[in-house]
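Here is the structure we will look at, set down as structure tokens.
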Amino acid sequence: MANADTIVALLKAAGEETRLRLLALLAEGELSVKDFTEILGQSQPRISRHLKLLADAGLVTRHAEGAWAYYRLTENGVAGSLAGWLKDELDGSTQDVARDRSKLTRLRMAQREKAAAYFGKIAESWDRLRSLHAPEAAVEQGILQCFEGSDVETLLDIGTGTGRMLELLADHYRQGMGIDSSREMLSIARAKLDAAGIAHAQVRLGDIAELEDYSDFADAVVVHQVLHYFDDPGAALGAIGACIKRNGTLVIVDFAPHKFEFLREEQAHRRLGLSDDQMESWAQAAGLKVVKVDKFPPQDSEGLTVCLWQLSPVGRTQ
Ligand SMILES: C[S@@+](CC[C@H](N)C(=O)[O-])C[C@H]1O[C@@H](n2cnc3c(N)ncnc32)[C@H](O)[C@@H]1O
């Protein structure tokens, strides 16, 4: 229940053509101001003004990250109900909405290609780069602890890169599968797994946006240093969650929120770390719950804190 003033404010905020287009785009997932300006072809101040009106009315929530800000549809309360209603009822074939959505698909594709080009270029040096900013030994110890005493039939390593997680956890699963969208990373992974004599793991080309073949596939899923390459880690988590069996487990390792803007330009990062609150809310939307959180502080002042979240599926019937 909400009072009439609140409802008038919500309807006024939503009842304008550009703002309706912004809401329709947000029904597809989290977007940055930069995404909106590219899709709508309108100036940043103009888009920001519309987003502020939507945020003031409570229809969207804003998350600032360095020089960028991300927006998502509100999920709770009367504003959440209106946002949900718009999401369900807005005709996707309406000209502007359809055009905006197809521009968003193209934009995401271009961003994925940019990330793939980056990983293609750095594949050879990734094993050196990966430990540069992170307390790697402690993190790996933390990951191993999640698997101590557990008997994993199938482990899926999403965004496997050079296959380090398959190698680290080799004694803890019977069958390992690594998925990555970079051919260059995968060829190094194959060579490394061969050299280490790990015959019970294989790697395949694949994209997180297209994980349908791995639905209900794994007893354990690992996603190590991957989600910060996504504008919408929540949507990625939804796809990842569907790969886990009912009693399975998911281990996500990523950076805590940080201010190192240069990582966007130099290392293709999209998000400047992920917070516990974000993880909780993405997990909830993906039918998962966070059961454990570990933090690994940096080794030096240039370093980054790494977080480990262990999650389980909730309320699955099969
Ligand atoms: C930072 S590396 C981490 C690799 C590995 N997990 C590790 O910790 O060494 C991120 C990996 O995610 C992969 N990746 C990025 N976007 C992806 C996508 N959309 N689908 C599948 N893999 C993706 C990249 O190709 C890259 O190998």
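May I ask which of 121/192; 12/34; 259/295 have a Cα-Cα span longer than 20 Å here?
Correct reply: 12/34.
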Which lysines have a Cα less than 24 Å from the Cα of residue 289, not counting those fewer than 8 places away in the same chain? 245
If Lys and Arg each add +1 and Asp and Glu each add -1, what is the summed charge of the other residues whose beta carbon sits under 13 Å from the beta carbon of residue 256? -2
Put in order of increasing Cβ neighbours within 10 Å, starting from the fewest, 1, 109, 177 give 1, 109, 177
For the range 129-313, what class follows from the C-alpha gyration tensor (a ≥ b ≥ c being the square roots of its eigenvalues): rounded when a/c is under 1.5, otherwise prolate if a/b is larger than b/c, else oblate? rounded
I need 280, 265 ordered by Cβ neighbour count within 10 Å, fewest first. 265, 280
In vacuo Debye sum over C-alpha of the chain, base-10 log of normalised intensity I(q)/I(0) at q = 0.09 Å⁻¹, listed in q order, is -0.49
Rounded to the nearest 500, the 222 nm mean residue ellipticity computed for the chain from DSSP H runs (n ≥ 4, each -39500 (n - 2.57)) alone is -13500 deg cm²/dmol
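Which order do the peptides 153-161, 165-173, 233-241, 116-124 take when ranked by the mean count of other beta-carbon atoms within 10 Å per residue, highest first? List each step's numbers first, then the result.
Numbers: 153-161: 24.6, 165-173: 20.1, 233-241: 22.1, 116-124: 16.4.
Peptide ranking by packing, descending: 153-161, 233-241, 165-173, 116-124.
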Net charge of neighbours whose Cβ lies under 14 Å from the Cβ of residue 220, counting Lys and Arg as +1 and Asp and Glu as -1: -3
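Can you classify the range 114-218 as rounded, prolate or oblate using the Cα gyration tensor, where a ≥ b ≥ c are the square roots of its eigenvalues, rounded means a/c under 1.5, and otherwise it's prolate if a/b beats b/c and oblate if not? If you can, show how the numbers build up before the last one.
Values: a/c = 1.58, a/b = 1.16, b/c = 1.37.
Oblate is the answer for the range 114-218, as a/c is 1.5 or above yet b/c matches or exceeds a/b.
Work out the length of the dipole vector of the chain about its Cα centre, built from +1 on the beta-carbon of each Lys and Arg and -1 on the beta-carbon of each Asp and Glu, and round it to the nearest 20 debye.
Values: 36 positive and 47 negative charges, 133 e Å.
Roughly 640 debye, rounded to the nearest 20.
Every number here is computed from the coordinates shown, using simple stated rules; none is lab data. Treat the numbers as computed from the prediction; the structure is a model and nothing was measured. Here Cβ is always computed from backbone atoms with ideal geometry, including for glycine, and neighbour counts include all displayed protein chains.
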